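Enquirer: After the structure tokens below, expect a handful of questions from me.
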């Protein structure tokens, strides 16, 4: 799971054209802390995952690798 989280953080950062410096600023953490999260040297705290989910407009489940669907659950069409 940690590898997925690392890959997702890097993937969405690169897809958005952001630097690690900018991600650290967004999350109000040091660049070194962000790099450690992205490299899986430290577990990413939930509040940091939520911050990035909100910033990138994706679900926390997507960041955590629990789904391939980037949409937040409340945006999904209702099942009929």
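Enquirer: By how many nm would the segment from residue 55 to residue 31 grow when fully extended, if each residue of separation counts as 0.36 nm and the alpha-carbon distance is taken off?
Expert: Gain on stretching residue 55 to residue 31: 6.9 nm.
Enquirer: Give the order of 9, 46 when sorted by the count of other beta carbons within 10 angstrom, beginning with the fewest.
Expert: 46, 9
Enquirer: Taking 30 Å as R0, compute the FRET efficiency from the Cβ-Cβ separation of residue 39 and residue 71 and round it to 0.05.
Expert: Given R0 = 30 Å and the Cβ-Cβ separation, E is 0.60.
Enquirer: Counting other beta carbons within 10 Å of each residue's own, what order do 29, 48 fall into, fewest first?
Expert: Result, fewest neighbours first: 29, 48.
Enquirer: In Å, what is the Rg of the alpha-carbon atoms in region 2-75, and how long is Dmax?
Expert: Radius of gyration, then largest Cα-Cα span, for region 2-75: 11.2, 34 Å.
Enquirer: Simple spin-label model, 7 Å along Cα-to-Cβ: residue 20 to residue 7 in nm?
Expert: So the two model labels end up 2.0 nm from each other.
Taken together, the values in this text are just the output of simple stated rules run on the coordinates, not laboratory data. Computed from a predicted model, the values in this text were never measured in an experiment. Because the Cβ atoms are built from the backbone with ideal geometry, glycine has one as well, and the counts that use them run over all protein chains shown.
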